[in-house]
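Following: one structure in structure tokens, then a few remarks.
The values are calculated or read from the model by the stated rules, or taken from the named source; none is laboratory data. Note that the coordinates shown come from a computational prediction; the quantities given were computed from them, not determined experimentally. Positions of Cβ are generated from backbone atoms using ideal geometry, with glycine treated the same way; all protein chains shown enter the neighbour counts. The accessibility values were calculated without ligands, DNA or RNA, using every heavy atom of the protein model including side chains. Shrake-Rupley method; radii C 1.70, N 1.55, O 1.52, S 1.80 Å.
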Amino acid sequence: VLTKLPVLACEATAASEPGGYDIKVSGAEAENYDIKHVAGKLTVIDADAEVVTAKSYTRQYGDANPTFGYEVSGAALDGKPTITCEATSASPVGEYDIVVSKGTVKNYNDKYVAGKLTITKVPLTITARSYTRKQGEQNPKFEVDYAGWKNNETEAMLTKLPIVTCEAEAGSAIGTYDITASGAEATNYDISYVAGKLSVTMADLVTVTAKSYTRVYGDDNPVFEYETSGATLEGEPLIECEATSASPVGKYTIKIS
């Protein structure tokens, strides 16, 4: 019998906060009725809760970030969250927040929990080079090779350069000696070492031959000389002979040492 139907209105929307909202009724008309309008109440309660937690990861320095994932507990998630992390392949060793945020999620009672990205040191191997030298020579300048650099880095990234040592000296016996590297330090690298070898070989042969002489009894000895063959002689040999001007006729050894 209404000549005009009532209009109902409420200021609450889907996104309105939990609470009470008036449901207003108005505008109804009827020929034989005196109409009074009484408001109702819309009670908005908390939506079903859901917790979105970013997963945590561990990777080595210099690697790309993994594909970050998340886990949901509680109500079904409507939409997809956004996950970000400030760490890059060049970021130093340490811990970084993996931040998860609303993104396209349409749920209203949602909570977001960050994860952690842990960046660990990457292995770096320092290998001492191997060398060969002859006995009596000085040791060469010992150098090393590196394996494991990231991001096109070089030994300039070391906060402390390696020390390379070998117990062999110029006069050391023929044989093989360890060349050892140690003491290097770097913020983002876990350093290990591989020893090299110094092979000391026989020196080049030099033969020193005392010359032979003939003199008559009663004369002084001549100035004894020598000849060399093979490698170049470094230094002067000692030449001795027990014969004197008073020595009787005979043969005497001219000793060279």
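Below, the figures for the structure above:
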item: Dipole moment magnitude, nearest 20 debye, the chain about Cα centre, only Lys, Arg, Asp, Glu C-beta charged; result: 460 debye
item: Projected area averaged over orientations for the chain, convex hull of C-alpha atoms, nm²; result: 24.5 nm²
item: Cβ-defined net charge surrounding T201, 13 Å radius [Lys, Arg +1; Asp, Glu -1]; result: +1
item: Taking N as its residue count, the alpha carbon Rg of the stretch 172-257 over 2.2 N^0.38 Å; result: 2.17
item: Accessible solvent surface per residue of the chain, calculated while the other protein chains remain in place, 1.4 angstrom probe, Å²; result: 67 Å²
item: Accessible surface of the chain, 1.4 Å probe, proportion on carbon and sulfur as whole %; result: 51 percent
item: Sequence-distant residues sharing a close amide H with I191 (under 5 Å, placed H); result: L124
item: Residue pairs, from the table K116/K150; K121/K160; K55/K102; K80/K150; K55/K106; K134/K211, whose Cα atoms sit over 26 Å apart; result: K80/K150; K134/K211
item: Cα lying deepest toward the dipole's positive end in the chain, options P92, G40, I119, charges on Cβ; result: G40
item: Efficiency of FRET from Cβ geometry, T104 and H37, R₀ 35 Å, rounded to 0.05; result: 0.30
item: The chain: antiparallel DSSP beta bridges as a percent of all, rounded to 5; result: 70 percent
item: Long-range amide H partners of N107 with built H, under 5 Å; result: D78
item: Fluctuation leader among L158, L198, L238 - the chain, Gaussian network, Cα springs under 10 angstrom; result: L238
item: Net charge, E137 excluded, C-beta distance under 14 Å - Lys, Arg +1, Asp, Glu -1; result: 0
item: T127-V51 FRET efficiency (beta carbon distance; Förster radius 51 Å; 0.05 resolution); result: 0.55
item: Euclidean distance of C-alpha centroids, the stretch 140-191 and the stretch 202-246, integer Å; result: 48 Å
item: Most positive-pole-ward Cα, T159, V105, T180, against dipole of the chain from beta carbon charges; result: V105
